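Step one of this worksheet: look at the structure below.
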Amino acid sequence: MTVLLSITGYPSKTWLDALEKALPGRRIVTEPTGASDPGIDYAVVWKQPEGLLSTLPNLKAIFSIGAGVDHVLRDKSLPDVPIARIVAEDLTGRMSEYVAWRVLDHHRRGFAYRAQQAAGQWNERVQPAAGAVTVGIMGLGELGRDAAEKLKPFGFKLAGWSRTKKQVPGVACFAGDEELSAFLGTTDILVVLLPHTPATAGILDRALFAKLKRATPFGGPILVNAGRGGLQNEADILAALDAGTLLEASLDVFQTEPLPATSPLWHHPKVFVTPHAAASSDPDALVPLIVGQIEALERGEALKHLVDRTAGY
Ligand code: NDP
Ligand code: OXD
């Protein structure tokens, strides 16, 4: 059995080491041998070169090393084999830490206090109670539901939006295009944990920001996007921040990554930038899960966490 590891834009050595450790005696390669390598059974990928996987006649499955699969599906010549993504306590926990961190920083007026500290100002800001604030989560999947659970103990009001209707205790659940405006109208802090699909591309735009609750306890709505950069229109975010349609934003993902040095987002006083680091994929935690999936498939069992290619996630 041979596994192809194809990772671009991301250090791959730690993944290679972890795969070799977890699959002793098996062949792990980082590129096919020849144009049409018949020996490769499985591909473990992040942004694999387009067309690469279609050259492998005996490929049985593709494994994304992340929760998202837009980086896999952008290759329009993918072979017709199952694609599985990561669903893991480790990755989910990291994302919920990021969400709690950003929501609490905005809620506790981190932007205002950092600016005041820089100016040497002692000035207590109005601090709304958590119970007076609604955190609206776009995407009530593995990550969105866990983030909601982790925010609950602080006492925030919670809302969530998904494609199909969900029942999550303590979360006001909205679904579909028809309920998007109602969801946005209840939201003070918008947390985005959607996948990037044809249906969600560019969804975070001027029109959407205008539907967020205006009279929030902070004086305007706040955006936190850790989903994908392709969800957001960055010119619209900047215009909304400058017009006050958005008060502040925390962005972990960008239309172009790394974020170009010329982007005004880097230096905007109302923007907090992290380098697509909200929930890193840790090979030590995730390789055992991928190897477990390969072993299950070899025993004739079904793969878990399969991707619906038509829906795009
Ligand atoms: P899931 O597939 O478990 O959840 C996706 C959620 O989005 C579901 O609730 C789904 O609805 C909803 N959704 C999808 N399309 C639409 C739509 N058109 N309209 C409304 N809702 C929609 O994914 P995860 O929670 O595991 O991950 C979410 C995303 O987070 C990933 O795809 C990835 O892009 C991003 N991510 C970012 C990381 C980072 O470090 N910044 C790390 C890991 C992930 P339904 O429930 O009805 O299917
Ligand atoms: C992922 C990511 O999809 O890290 O897991 O972005």
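The values are calculated or read from the model by the stated rules, or taken from the named source; none is laboratory data. Keep in mind that this is a model prediction, so the values were computed, not measured. No Cβ is skipped: glycine too gets one built from the backbone with ideal geometry, and neighbour counts run over all protein chains shown. The protein model used for the area step is the full one, side chains on, heavy atoms only, and it has no ligands, DNA or RNA in it. Shrake-Rupley method; radii C 1.70, N 1.55, O 1.52, S 1.80 Å.
Tabulated results
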read-out	value
Sole residue being touching a helix residue (DSSP H, G or I) at 6+ places or on another chain (Cβ under 9 Å) and open to solvent by 10 Å² or more (accessible area, probe 1.4 Å), chosen from LEU78, LEU53	LEU78
Answer residue from the range 221-233, given it is of a type in the set (A, V, I, L, M) and more than 16 Å from ligand 2 (Cβ to nearest atom) and is farthest from VAL69 (Cα to Cα) among those	ILE222
Extreme residue, farthest from ligand 2 (Cβ to nearest atom), among residues of the range 75-118 that are of a type in the set (Ser, Thr, Tyr) and under 19 Å from the mean Cα position of the chain (by Cα)	SER96
Among the residues listed as ARG125, ARG94, the single one being free of Cβ contacts under 8 Å to residues at least 24 places away in the same chain and either away from ligand 1 (no atom under 11 Å from the Cβ) or not assigned by TED's automatic domain parsing to the domain that holds ILE62 (or both)	ARG125
Residue list for the range 256-265, restricted to those being surrounded by 11 or more Cβ atoms within 10 Å (Cβ to Cβ) and more than 20 Å from ALA243 (Cβ to Cβ)	GLU257, LEU259, PRO260
Which listed residue, of LEU303, LEU259, LEU286, is touching a residue at least 60 places away in the same chain (Cβ under 8 Å) and outside the structural domain of TRP46 (by TED's automatic domain parsing)	LEU303
So LEU303, is it assigned to a loop (DSSP other than H, G, I, E, B) and touching a strand residue (DSSP E or B) at 6+ places or on another chain (Cβ under 6 Å)	yes
Residue check, LEU241 surrounded by 21 or more Cβ atoms within 10 Å (Cβ to Cβ) and within 16 Å of ligand 1 (Cβ to nearest atom)	no
The lone exception for GLN293 - which of (1) buried (at least 18 other Cβ atoms within 10 Å of the Cβ); (2) assigned by TED's automatic domain parsing to the domain that holds ARG102; (3) of a type in the set (S, T, N, Q) it fails	(2)
Enumeration of residues in the range 56-74 that are open to solvent by 30 Å² or more (accessible area, probe 1.4 Å) and touching a His at 6+ places or on another chain (Cβ under 8 Å)	ASP70
Residue check for LEU223: buried (at least 22 other Cβ atoms within 10 Å of the Cβ), in a loop (DSSP other than H, G, I, E, B) and assigned by TED's automatic domain parsing to the domain that holds VAL253	no
VAL291 touching a residue at least 24 places away in the same chain (Cβ under 8 Å), over 26 Å from VAL135 (Cβ atoms) and away from ligand 2 (no atom under 15 Å from the Cβ)	yes
Flag for ASP90 being of a type in the set (Asp, Glu) and under 16 Å from LEU251 (Cα atoms)	no
Considering residues of the range 49-74 that are of a type in the set (S, T, N, Q) and assigned to a helix (DSSP H, G or I) only, the residue farthest from the chain's Cα centre (by Cα)	THR55
Residue within the range 205-220 that is out of contact with any strand residue (DSSP E or B) (no Cβ under 8 Å at 6 or more places or on another chain), closer than 15 Å to GLY68 by Cβ and not in a strand (DSSP E or B) present	no
Matching residues in the range 152-193 - criterion: being touching a residue at least 40 places away in the same chain (Cβ under 8 Å) and within 12 Å of ligand 1 (Cβ to nearest atom)	ARG163, PHE183, VAL191, VAL192, LEU193
